[in-house]
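What follows is one structure encoded as structure tokens, with my remarks underneath.
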Amino acid sequence: MAGKEIIVVFGATGAQGNSVACALLEDCTFAVRAVTRDPSKPAAAKLKQAGAEVVAGDLDNEKSLEAALKGAHGAFLVTNTSGQHADHNKEVTQGKLVADLAKRLGLKHIVYSGLENVKKLTGGKLGAHHFDVKGEVEEYFRHIGCHMTSVRLSFYYENFLGDYKPQKCEDGKCYALNLPMGDVPLDGISVKDLGPCVVSILKHPSHYGGKNIGLSAEKLTVAQYAHIMSEVTGKTIKDAKIHHDDFEKRMAHGAKHMADMFRFYMTRPERDVEVTHKLNPKVKAFRPWLEENKAAFCKECKE
């Protein structure tokens, strides 16, 4: 560890941060400073055992952030205040605080888990809060001249294990995949494949630094996702061909913003499969990911 440049990883016990921290530790080019609100978590202990320096840090606490960033070469930042009562202004404030500190402390490279500012791009016609706030943070990094690369993830495959799992049809004989995409391909990737992409970006700052990089393992239509699900699981799973308006009615919370996310996906925002595979040659396409996660998937889709 001695003499290595330090990369600070925020949210190191969360899905994205843990993927990045583990990939950095496996690569061994950089020393890893893993930041988590609760260093006593089993996931934090596991990172420490693997060689990371684990420190307590809170994106709402400037002193803890300054201590975490001091002496570092770079950082991976993910902001997230999602949920039913999400404070989206708070997420922007958190991102700006890290940007200000990174610039003042002289960090050379930040990789931020960003997204497009959908509201701004569409002139207010669409608004997906969890996209828009990250777009604002991206803009702020660049406004103050802090060297930042944005990695824009596509639809998580892991969503199929939760909120977007297939739903049993009324006749009880099949399952419906309710994604309002029509026949437009939906970019997808496993969150676990983010880490190696970030490592490649940090190792090649002259090539990837300052860019917006859209990550995607594969582009599939909803019908294609459903077909693969059927083949791997033996269940009959179909594209529900659901319309955005009907999708909104089914969503309990944040319906308009989630529907607008899919409306934005239908405009085909830039997600580059070729670049993603270059950054992470082992990135999994949907079929092998599903085969690997078949037990968890089938548990969610009970008969």
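The values are calculated or read from the model by the stated rules, or taken from the named source; none is laboratory data. These figures come from a predicted structure and were not determined experimentally. Using ideal geometry, Cβ is built from the backbone for each residue, glycine included, and neighbour counts are taken over all protein chains shown. The accessibility values were calculated without ligands, DNA or RNA, using every heavy atom of the protein model including side chains. Shrake-Rupley method; radii C 1.70, N 1.55, O 1.52, S 1.80 Å.
Of note:
- Computed from Cα positions, the angle between helix 88-105 and the longest principal axis of the chain comes to roughly 30 degrees.
- For region 155-212, Kirkwood radius (reciprocal of mean inverse C-alpha pair distance, Å): 14.4 Å
- In plain terms, the chain from LYS48 to LYS294 could stretch by 85.5 nm, reckoned as 0.36 nm per residue minus the Cα-Cα distance.
- Using just its DSSP H runs of length 4 or more, each adding -39500 (n - 2.57), the chain gives a mean residue ellipticity at 222 nm of -12500 deg cm²/dmol after division by all residues.
- In region 152-257, the trypsin sites (Lys or Arg not before Pro) that fall in loop regions by DSSP, at most 13 other Cβ within 10 Å: LYS173, LYS211
- Length available on full extension from GLU170 to LYS103: 0.36 nm per residue minus the Cα-Cα distance, which gives 18.6 nm.
- Taking the longest Cα principal axis of the chain as reference, the axis of helix 15-27 is set at about 60 degrees.
- Rounded to the nearest 5, the antiparallel percentage of DSSP beta bridges internal to the chain is 15%.
- Expressed as a whole percent, the accessible area of the chain that falls on carbon and sulfur atoms is 50 (1.4 Å probe).
- If you count Lys pairs in region 19-107 whose Cα atoms are under 29 Å apart, skipping same-chain pairs closer than 8 places in sequence, the total is 17.
- Shape category assigned to region 211-256 from the gyration tensor of Cα positions, a/c cut at 1.5: oblate
- Listed by chain and number, the aspartates and glutamates whose alpha-carbon sits under 19 Å from that of LYS256, ignoring those within fewer than 8 places in the same chain, are ASP87, GLU116, ASP132, ASP163, ASP245, ASP246, GLU248.
- Loop GluC sites (Glu not before Pro), region 1-80, which have at most 11 other Cβ atoms in a 10 Å radius of their Cβ (DSSP): none
- Ordering 41-48, 73-80 by mean Cβ neighbour count within 10 Å, with the highest value first, yields 73-80, 41-48.
- Length available on full extension from CYS28 to SER40: 0.36 nm per residue minus the Cα-Cα distance, which gives 1.9 nm.
- ³J(HN,Hα), Karplus 6.51/-1.76/1.60, whole Hz, each residue of region 193-205, x for Gly, Pro: 8, 5, x, x, 5, 5, 4, 4, 5, 5, 7, 10, x
- Put the Cα centre of region 254-303 next to the Cα centre of region 4-83 and the gap is 25 Å.
- In this simple spin-label approximation, ASP163 and ALA223 carry label points 7 Å from Cα along the Cα→Cβ vector, and these lie 2.7 nm apart.
- Between helix 222-233 and the chain: long-axis angle, C-alpha atoms, 0 to 90°, nearest 10: 90 degrees
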